[in-house]
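Okay, here's the structure, questions in a sec.
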Amino acid sequence: MKYFKYVIFTLVCMFFIPLISHADCDYQREAELSRIASNVQVNYTYKITRGYPTFTVNITNVTNDIYIEDNFEHSFSGKSEFSQDYRLGQNSVEYTIRSNDNNCKGYSILTKYVNFPYYNQFSVLPECQNSDLEMCSLWYNSSSYTQDEFLEELQKVKSNKKTVSTEKEEKESAFDILKDILNNKIVIVFGVVVLIAIIVLGAYFVVKKVRKR
């Protein structure tokens, strides 16, 4: 009876050892899964609804060998293409591509990331309408501002821009005046005559001084 137990134990071990040895992906299968995962394409589009954006991520080239999980508890498997909407406040999404092979189910193969631009919630304010300022653009990062702080900073930027614009106009105006003067033929002739007169008078006084010696 004692030996019979040893025989049973040996047979059980012999039966399970092959299963354990195949519990992991072999090197070739891992390489194949990596290639499949690298072919997965992830991109996004967006639409603005009631002043707020919705980003739609499109995932393609998903085969039955893999499945995908994002960091918002969404899972994608069973077909080749998927679309998932993400709303304001989710500025990046992480996608973990995992093995769907029975020998290495759930094995993490590759991670891909999608980073959304920051949405400028203040771009819809009346103060930003018809403005070409960067602060008023749709994707300006205004996350560090309250509305009052944003409007205060916007006013400063507008004032600085106006000052710079005025100074530029004054410089251009002065340059235009000088340009007009130099382009005026009468002024040019008068200037030449004055210059010749100065030269002649200077020469006269020099000669007169030399003769006195």
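Could you check the range 72-91 and list, in sequence order, the residues that are assigned to a strand (DSSP E or B), open to solvent by less than 70 Å² (accessible area, probe 1.4 Å) and modelled with pLDDT under 95?
If the condition is that a residue be assigned to a strand (DSSP E or B), open to solvent by less than 70 Å² (accessible area, probe 1.4 Å) and modelled with pLDDT under 95, then TYR86 is the only one that fits.
Filtering the range 144-171 down to residues that are at pLDDT below 60 and either outside any helix (DSSP H, G or I) or under 36 Å from the mean Cα position of the chain (by Cα) (or both), which residue is nearest to VAL124 (Cα to Cα)?
Only one residue tops the list, namely SER165.
Ok, one more. Exposed (fewer than 14 other Cβ atoms within 10 Å of the Cβ), more than 30 Å from SER77 (Cβ to Cβ), of a type in the set (Ser, Thr, Tyr) and in contact (Cβ under 8 Å) with a residue 12 or more places away in the chain: which single residue out of SER143, SER108, SER159, SER123 fits that description?
The conditions single out SER143.
Just wondering, is there one or more residues in the range 197-211 that are surrounded by 10 or more Cβ atoms within 10 Å (Cβ to Cβ), touching a helix residue (DSSP H, G or I) at 6+ places or on another chain (Cβ under 6 Å) and either among the hydrophobic types (A, V, I, L, M, F, W, C) or modelled with pLDDT of 95 or more (or both)?
Among the residues of the range 197-211, not one is surrounded by 10 or more Cβ atoms within 10 Å (Cβ to Cβ), touching a helix residue (DSSP H, G or I) at 6+ places or on another chain (Cβ under 6 Å) and either among the hydrophobic types (A, V, I, L, M, F, W, C) or modelled with pLDDT of 95 or more (or both), which makes the answer no.
Considering only residues that are open to solvent by less than 30 Å² (accessible area, probe 1.4 Å) and among the hydrophobic types (A, V, I, L, M, F, W, C), look in the range 34-62 and name the one that is nearest to GLY106 (Cα to Cα).
Among residues in the range 34-62 that are open to solvent by less than 30 Å² (accessible area, probe 1.4 Å) and among the hydrophobic types (A, V, I, L, M, F, W, C), the one nearest to GLY106 (Cα to Cα) is ALA37.
Among (1) under 25 Å from the mean Cα position of the chain (by Cα); (2) assigned to a loop (DSSP other than H, G, I, E, B); (3) among the acidic types (Asp, Glu), which single condition is GLU69 missing?
(2)
I've got another one for you. If you check every pair at least six apart or on different chains, which have Cβ atoms under 8 Å apart with a residue in the range 83-97 that is more than 14 Å from TYR113 (Cα to Cα) first and a residue that is open to solvent by 50 Å² or more (accessible area, probe 1.4 Å) and at pLDDT below 85 second?
ARG87/TYR52; LEU88/TYR52
Can you tell me which residue among TYR95, TYR67 is farther than 14 Å from SER38 by Cβ and buried (at least 17 other Cβ atoms within 10 Å of the Cβ)?
Testing whether each residue is farther than 14 Å from SER38 by Cβ and buried (at least 17 other Cβ atoms within 10 Å of the Cβ) leaves just TYR67.
The values are calculated or read from the model by the stated rules, or taken from the named source; none is laboratory data. Because the structure is predicted, anything quoted here is derived from the model rather than measured. For neighbour counting, all protein chains shown are included, and Cβ atoms are generated from backbone atoms with ideal geometry for every residue, glycine included. To get the accessible areas, we keep the full protein, side chains included, count just its heavy atoms, and leave off ligands, DNA and RNA. Shrake-Rupley method; radii C 1.70, N 1.55, O 1.52, S 1.80 Å.
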